[in-house]
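Working notes for the structure below.
The values are calculated or read from the model by the stated rules, or taken from the named source; none is laboratory data. Since the model is a prediction, treat every value here as computed from it, not as a measurement. Cβ placement follows ideal geometry from the backbone for every residue including glycine, while neighbour counts extend to all protein chains displayed. Each accessible area value is taken on the protein alone, full model and side chains, heavy atoms only, with ligands, DNA and RNA left out. Shrake-Rupley method; radii C 1.70, N 1.55, O 1.52, S 1.80 Å.
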Amino acid sequence: METHERIMVVVGTRPEIIKMAPLIKALQKMEIPLTFVHCGQHYDYVMSQRFIEELELPQPDYNYKVKACSQGEQTARIIANMERLLKKTKPSLVLVEGDTNGVLATSIAAAKLGIPVGHVEAGLRSFDLRMPEEHNRRLTDHISTYLFAPTKTAENNLKRESVLGKVYVTGNTVIDAVMQYISKAESKSKIVDTIKFEKFALATVHRAENVDNPTVLRNLMEAFMESPTPIVIPIHPRTKKRLRQNGMDAEVKKSKNLQILPPVGYLDFLMLMKKCEIILTDSGGIQEEATAPQIRKRVLILRSSTERPEAVEAGFAKIVGTDKQNILEAMRETLKGQSKLPVDSPYGNGDSAKRIAEIIESEVCHHHL
Ligand code: UD1
Ligand code: UDP
């Protein structure tokens, strides 16, 4: 294939690397030539390069750095970088995943050059415009040529909005990731030996509308410190920064009920999910992973809405908001764990990447081969 017949896969943050990993593998297996690009939104080794190594991905052909800056500037810089790269490499399709600023920026750059965009994890909606992710996913969906919706619910959202691109229901590649890496995690990860508690809840928080609001951040941390079961919390760099800025870091570090970890690698995180009693999170991907048959954990969603209603409907997850008493009450209730969890995930059975790769092959590559 000529360079202009290549598929470009773009990632920028931790969850994009994890969710693109199975798709990169599937495309490689089908011998579809790839250009792999890191747009640089996440830049710390522990949020980025570590996942490329652990998930055994190729090194990116192009690696950018965008300094931490405002939302608008970050988006603008990525648009400018990607526009230059797309003009030079002329891929026949650009694949993006999820709802980050990097995703929107890349899609805008491609659409303006007339290069088709394939959006993996299309059609999610929180209906909450306070979230930057909600702008990013809505706008990206409307300029995408191919939309890979993980579920029927996501497909319905796209149909209701009359998007112009072609919509396919494919499941979510994060389930593929859990299935593909869990046995490596079981044999390689030693994280569980370092956990101080026999039984624990696993918590993560990083959403801007939570941790950038000092009142919400304090509520969440107090809920964790007073929790009926001890909490293990790998801290996102954004949250670490906010704890420090709000003078909460010493107090949180001192709490005997908490074990604070730096961001952990994927294999370690899989083992923490597998071992914990319940999960408390405002993360998107973790809500999905908890439903994988290898994990099957109850999740308390520390937000007032979710763009992943399937996990709630299937009985895995519950929206509990950010009020301390509500969180503690939901924890006590959930730890009793009377109802049985479903066996299957609403996000597919681990073949999403293969399905997406096959669609790409027949829609894009056949025209060129
Ligand atoms: C971003 C995404 C969010 C996604 C999350 C995954 C947007 C709007 N947000 O949020 O949807 O859930 O990634 O983790 O795109 N920082 C570091 N090192 C890093 C990366 C970030 O220190 O490697 C710190 C910096 O202070 C930075 C802040 O975290 O300013 C926020 O980073 P940014 O990428 O803008 O947003 P996230 O909160 O990571
Ligand atoms: N994750 C990880 N290490 C951590 C925390 C999360 O490997 O310390 C993984 C987790 O398994 C999931 C993804 O990172 O696949 C979720 O990323 P994040 O919560 O940052 O973003 P979101 O999914 O909310 O966009």
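Annotation for region 266-325 versus region 173-224: alpha-carbon center distance of 9 Å. Given axes a ≥ b ≥ c from the Cα gyration tensor, I'd like to know whether region 73-132 is rounded (a/c under 1.5), prolate (a/b larger than b/c) or oblate. Verdict is oblate for region 73-132. Taken one residue at a time, the phi angles of region 315-321 give Karplus couplings (6.51, -1.76, 1.60, θ = phi - 60°) of x, 7, 10, 9, 7, 10, x Hz. Gly and Pro are set to x.
May I ask what percent, to the nearest 5, of DSSP beta bridges between residues of the chain are antiparallel?
Numbers: 0 of 37 bridges.
Expressed as a percentage, antiparallel bridges in the chain total about 0.
In the chain, the calculated helix contribution to ellipticity at 222 nm averages -13500 deg cm²/dmol per residue, counting -39,500 (n - 2.57) for every DSSP H run with n ≥ 4. For the residues GLU277, GLU56, GLU16, a GNM of the chain with alpha-carbon springs under 10 Å puts the largest fluctuation on GLU56.
Projecting the Cα atoms of TYR45, GLY265, PRO230 onto the charge dipole of the chain (Cβ charges, centred on the Cα centre) puts PRO230 farthest toward the positive pole. Legend: distances between Cα atoms for LYS275/LYS324; LYS190/LYS275; LYS90/LYS112; pairs beyond 22 Å are LYS275/LYS324. Within the accessible surface of region 285-369, defined with a 1.4 Å probe on protein heavy atoms only, the carbon and sulfur portion equals 49 percent.
Place a +1 charge on the Cβ of each Lys and Arg in region 185-314 and a -1 charge on the Cβ of each Asp and Glu, then give the dipole magnitude about the Cα centre in debye, rounded to the nearest 20. Each step should come with its number before you reach the end.
Values: 21 positive and 17 negative charges, 93 e Å.
The dipole magnitude comes to about 440 debye.
Annotation: amide H-H contacts under 5 Å for LEU95 (H modelled 1.01 Å from N, sequence separation of 5 or more, or interchain): MET8, VAL9, VAL10, GLY118. Only lysines eight or more places from LYS152 in sequence, or on another chain, were considered; those with a Cα closer than 27 Å are LYS19, LYS25, LYS166, LYS297, LYS318, LYS340, LYS354.
Please give me, ordered by residue number, the GluC sites (Glu not before Pro) of region 146-230 that lie in loop per DSSP and have at most 13 other Cβ atoms within 10 Å. Display every interim value, and only then the final one.
Numbers: sites: GLU155, GLU161, GLU186, GLU198, GLU209, GLU222, GLU226; in loops: GLU161, GLU198, GLU226.
Answer in residue order: GLU161, GLU198.
Backbone phi angles across region 29-36, fed through the Karplus curve with coefficients 6.51, -1.76 and 1.60 (θ = phi - 60°), yield HN-Hα couplings of 4, 8, 6, 8, x, 10, 10, 9 Hz in residue order; Gly and Pro are listed as x.
For region 83-156, the set of trypsin sites (Lys or Arg not before Pro) satisfying both a DSSP loop assignment and a count of at most 16 other C-beta atoms within 10 Å is given as ARG130. In this structure region 112-254 gives 44 Å² per residue of accessible area when probed at 1.4 Å with all protein chains present.
Give the carbon-plus-sulfur fraction of the accessible surface of region 125-267 in %, rounded to a whole number; probe 1.4 Å, heavy atoms of protein chains only. Here it works out to 54 percent. Amide H to amide H, with H built 1.01 Å from N, ASN246 comes under 5 Å of no residue 5 or more places away or on another chain. If you build a Gaussian network model of the chain, linking Cα atoms that sit under 10 Å apart, which residue out of SER48, SER162, SER126 swings the most? The residue with the greatest mean-square fluctuation here is SER162.
About its Cα centre, what dipole magnitude does region 290-334 give when the only charges are +1 on Lys and Arg Cβ and -1 on Asp and Glu Cβ, stated in debye to the nearest 20? Intermediate values should be presented prior to the final figure.
On the way: 8 positive and 6 negative charges, 41 e Å.
Dipole about the Cα centre, nearest 20: 200 debye.
Expressed as a whole percent, the accessible area of region 3-92 that falls on carbon and sulfur atoms is 51 (1.4 Å probe). Which residue fluctuates most in the GNM of the chain (Cα springs below 10 Å): ILE79, ILE24, ILE195? It is ILE195. Evaluating 6.51 cos²θ - 1.76 cosθ + 1.60 at θ = phi - 60° for every residue in region 182-190, the Karplus couplings come out as 5, 6, 4, 4, 4, 8, 9, 6, 10 Hz, glycine and proline recorded as x.
Rolling a 1.4 Å probe over the protein heavy atoms gives region 273-369 an accessible area of 42 Å² per residue. Around the amide H of VAL167, modelled in the peptide plane, lie the amide H atoms of LEU147, all under 5 Å away and 5 or more residues distant in sequence or on another chain. Applying 1/(1 + (r/R0)^6) with R0 = 56 Å to the Cβ-Cβ distance of LYS340 and ARG84, what FRET efficiency is obtained, to the nearest 0.05? Calculated transfer efficiency: 0.55. Treating r as the C-beta distance of GLU161 and LYS199 and R0 as 35 Å, the FRET efficiency rounds to 0.20.
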